[in-house]
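*Asks:* Below is the structure I would like to discuss, written out as structure tokens.
Taken together, the values in this text are just the output of simple stated rules run on the coordinates, not laboratory data. Note that the structure is predicted; figures quoted are calculated from it, not measured. Because the Cβ atoms are built from the backbone with ideal geometry, glycine has one as well, and the counts that use them run over all protein chains shown.
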Amino acid sequence: MVVARSKSPRLSVVSGAGAARPEQRSRRSDDEILAGLRRGDTGVAEDFYWRVKPVVDRTVRRLLGRLDRDGEDLVQLGLIQLIESVKAYRGECALDAWVSTVSANVVYKHIRRRRLERTIFAAAVEDDAELPLAARTTGTDATSLREALRQIADHLGAMREDRSWAFLLHDVCGYSLDEVAHICGISAAAAQSRLVRGRREIHERIAADPRLSQILDRGET
């Protein structure tokens, strides 16, 4: 169960055995769901849950890794944050983009408290289903790809946290500079500065790592 902690309106998002499956419920549009939440209509809570939870799940997995022990807790925290901040969303961007940005902000704050761990690429490193395809595409064996990912994660972990996060959020996860700025709580100019410096540093680190450079060069041939 996810319960909003804001004083008004008091809403909850409930999942589990008693929740109706998406195909069993009437389908409301995004605008109808959001309007209902803003006026405190508890009847739209489950619609909101089924609409946004897949986006929250994807965002948390993408940033934290599928194997992280805190993943499900962060999904729940993301849902709470969405409920509490729904009045601030005015449709300036697509709903999925807003949900992803709010969820990423929750993950970013959590990892800043934990410090930047070297499990950022855990999902990619451990995902046996995806690596063989990548290996066939690049001509690089799966073991070498895993080794390269681990080494890149090590380099990112050794960098300044603000630079590595700007690089991860923008270049790896695909967030825009404005979204990176929002997630990190900084200006767009500061986000761009961190990104430029982060890119330069990770490229320099890769160039100075003979084994990693060899693996990546082999994958590009």
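*Asks:* Beta carbons within 10 angstrom, averaged per residue: use that to sort the peptides 98-105, 79-86, highest first.
*Replies:* Most protected by this proxy first, the peptides run 98-105, 79-86.
*Asks:* If packing is taken as the average count of other Cβ atoms within 10 Å, what order do 69-77, 164-172 fall into, highest mean first?
*Replies:* Peptide ranking by packing, descending: 164-172, 69-77.
*Asks:* If you don't mind, another one. How large is the Kirkwood hydrodynamic radius of region 145-205, counting all unique pairs of alpha carbons, in Å?
*Replies:* 11.5
*Asks:* Hey, any idea what Rg/Rh is for region 170-218, computing Rh the Kirkwood way over Cα pairs? It would help to have the intermediate numbers written out before the result.
*Replies:* Values: Rg = 13.6 Å, Rh = 12.0 Å.
Rg/Rh for region 170-218 comes to 1.13.
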